[in-house]
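Read the figures in this text as sums done on the coordinates, not as results from a lab. Since we're looking at a predicted model, the values are computed, not measured. Cβ atoms come from the backbone with ideal geometry, glycine included; neighbour counts cover every protein chain shown.
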Amino acid sequence: MNDYVRIFDTTLRDGEQSPGATLDSHDKLEIAGQLARLGVDVIEAGFPAASPGDLESVRRISEVVGTPDGPIIAGLARAVTKDIDACREAVRAAAKPRIHTFIATSDIHLKHKLRMNRDQVLARAAEMVAYARQYCDDVEFSAEDASRSDPAFLHEVLAAVIEAGASTVNIPDTVGYAEPGEFAELIRGVMANVPGVDRCIVSTHCHDDLGLAVSNTLAGIQAGARQVEVTMNGLGERAGNAALEEVVMALHTRRGRFAMRTGIDTAQLMRTSHLVSVRTGITVPPNKAVVGANAFAHESGIHQDGMLKHQTTYEIMKPETVGLTQSKLVLGKHSGRHAFRSRLAELGYEHLDKGQVNRAFERFKNLADKKKVVTEADLEALLADEFYQPPQVFVLESVHVSCGLPALPTASVSITTPDGSYQTQASTGTGPVHAIFTAIDHIVPIAVKLEEYIVHAVTGGMNALGEVTVRVQTCDEAPRTFSGHGADTDILVASAKAYVAALNKIAMAAGFKPPGAGDESQAASDSQSEQVVSEP
């Protein structure tokens with residue numbers, strides 16, 4: 001299938017390494033399930049050797065998502081035996097497991113990071129691929145910092161790892177240094193000068209430090225690469241990785257130019273983007289290509305006139321192609337449960353059980369009492385708020401706020417704590433949100449610093465559902481960052497939900513248990529470990 005490009009998604013590995021991104025085991029499993037529905041070919045589920053929690057997350061994804069008809073489940077490993085052993089343990093339950101091992105090949109990395117010479121790196125790369133190959137038929141090798149490596153040495157290393165059993169060789173632009181012509185030349189050099197390259201798949205992994213990640217990825221495809229390593233929303237180290245949605249839609253929209261295809265269900269792109277944004281706490285910029293709020297919005301009079309005359313005047317993609325719809329979701333307070341469940345299935349939530357549907361339906365009815373028409377975007381936000389939240393260690397029961405000019409903002413908050421007690425606290429603040437957060441702080445014994453507070457309306461109109469994302473940092477010796485998300489027609493209630501959600505993630509990391517939970521409840525936050533590791 002020379003016209004097929006494999007989509008290797010590394011949102012759960014490289015994307016999680018984005019500063020400020022926080023994902024626990026439950027988050028990762030949810031995202032992995034959606035990536036499978038999206039149709040990615042490979043999910044790089046994590047770095048198993050980084051922490052016991054990360055190993056457990058990859059293992060769980062391998063069991064649940066790594067089905068025979070599902071994607072390949074990969075784990076990343078440095079070119080050392082203990083990393084490969086951990087990776088093998090994590091992915092062994094998948095029907096299609098992959099071990100992805102790497103070592104740097106640039107003289108910069110050899111001298112300043114690895115303290116190894118070329119002969120040592122060559123020997124280590126081949127030895128570790130062979131070691132991984134005894135565990136797994138599908139072994140990928142990455143030459144870290146390939147774009148700054150001596151091409152002749154890079155070719156020598158790739159030839160050695162292919163001979164040792166690598167089925168995929170990855171050519172990363174690890175620091176986003178290359179430009180498209182240069183990167184295409186690098187891939188063409190690999191295709192022409194590496195013995196045995198015809199027996200494996202050549203892959204790209206491009207970073208966006210100069211804003212060229214997607215361009216370099218597309219150039220690599222044109223030069224012969226048939227796998228691309230990408231992330232949803234372009235998440236990743238520093239400036240991020242090549243964005244999955246941009247690469248896929250470039251191939252889809254310019255099919256005549258590239259003559260390539262993927263297995264991606266493009267109608268799932270918006271839903272996947274939103275889920276990743278909610279779970280990581282990193283919002284999508286409005287002007288983001290393909291999935292941004294303004295990607296299909298038109299304000300200029302000239303543009304609006306053209307659009308009214310013909311959609312193709314100013315849109316090269318149809319909104320429906322990426323999962324948007326121009327029609328309203330006409331569901332209101334008189335809508336029935338059957339119609340509601342049918343619409344959930346259309347939106348990709350057919351996996352919800354009866355109890356979950358009933359909970360969502362109750363929230364939908366409450367929302368419909370406040371809004372005459374519930375749009376598809378409203379429903380997406382409601383479902384994200386209902387099902388994509390951490391376990392409720394501290395349960396927000398009520399929020400009451402009094403504020404105005406010239407009144408002093410005052411908030412009263414009630415929360416059920418892990419021991420089952422119901423506590424109420426009142427506090428004042430410089431504004432209503434400050435008062436709410438201060439009242440919550442009086443009840444929840446977790447000291448944090450608020451790093452970011454973001455509010456946006458899901459739809460237009462005075463009665464729009466509001467979404468709030470907060471990012472907080474712990475106040476201990478090794479500060480960690482956690483995010484929380486909340487949605488409500490009352491933006492102050494949404495703020496309280498988001499703040500408590502962030503605190504609940506910290507509470508789970510600290511070993512707290514939800515009210516009434518037995519000893520079998522286990523914190524799923526070991527994957528929050530921030531052990532520093534190298535990466536392609």
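The table below lists the values:
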quantity: P(r), alpha carbons of segment 395-509 - 5 Å bins starting at zero, rounded %; calculated: 2, 12, 21, 23, 21, 13, 5, 2, 0
quantity: Acute angle (nearest 10 degrees) that the helix 376-387 long axis makes with the longest principal axis of the chain, alpha-carbon atoms; calculated: 90
quantity: Proximal charge balance of LEU251 [Cβ under 13 Å; K/R count +1, D/E count -1]; calculated: +3
quantity: Mean Cβ neighbour count within 10 Å, used as a protection proxy, ranking 436-449, 479-492 highest first; calculated: 479-492, 436-449
quantity: Extension reserve of the GLN423-THR321 stretch, reckoned as 0.36 nm per residue once the Cα distance is removed; calculated: 31.9 nm
quantity: Answer label, with Kirkwood radius over Cα pairs in Å calculated from the coordinates and candidates [x] 24.6; [y] 25.3; [z] 32.0; calculated: [x]
quantity: Contact order normalised by residue count of segment 2-111, Cα under 8 Å, 6+ apart, percent; calculated: 23
quantity: Two-site FRET efficiency, GLU386 against LYS111, from Cβ-Cβ distance with R₀ of 51 Å, rounded to 0.05; calculated: 0.45
quantity: At most 14 other Cβ within 10 Å, DSSP loop - trypsin sites (Lys or Arg not before Pro), segment 167-246; calculated: ARG238
quantity: Extension gain (nm, one decimal) between GLU350 and ASN463, 0.36 nm per residue minus Cα-Cα; calculated: 37.9 nm
quantity: Longest exposed-site-free window of the chain, the sites being GluC sites (Glu not before Pro) in a DSSP loop that have at most 16 other C-beta atoms within 10 Å; calculated: 1-298
quantity: Neighbour-count ranking [beta-carbon atoms within 10 angstrom, fewest first] of LYS111, LYS96, LYS505, LYS318; calculated: LYS111, LYS318, LYS96, LYS505
quantity: In degrees, nearest ten, helix 432-443 long axis to first principal axis of the chain (Cα); calculated: 80
quantity: Over segment 63-221, relative contact order from alpha-carbon pairs under 8 Å, at least 6 apart, %; calculated: 18
quantity: Ascending count of other beta-carbon atoms within 10 Å, so fewest first, for VAL291, VAL121, VAL455; calculated: VAL455, VAL121, VAL291
quantity: In nm, spacing of pseudo-spin labels at ASP119 and ALA259 (7 Å Cα→C-beta vector); calculated: 4.6
quantity: Degrees between helix 337-346 axis and first principal axis of the chain (Cα, 0 to 90, nearest 10); calculated: 20
quantity: Packing-based exposure ordering (other Cβ within 10 Å, fewest first) of SER62, SER167, SER398; calculated: SER398, SER167, SER62
quantity: Net charge of neighbours whose Cβ lies under 10 Å from the Cβ of VAL470, counting Lys and Arg as +1 and Asp and Glu as -1; calculated: 0
quantity: Exceeding the 30 Å Cα-Cα cut-off - candidates LYS370/LYS449; LYS309/LYS371; LYS365/LYS497; calculated: LYS370/LYS449; LYS309/LYS371
quantity: Using a Förster distance of 60 Å, the FRET efficiency for ALA510-ALA339 (Cβ separation, nearest 0.05); calculated: 0.90
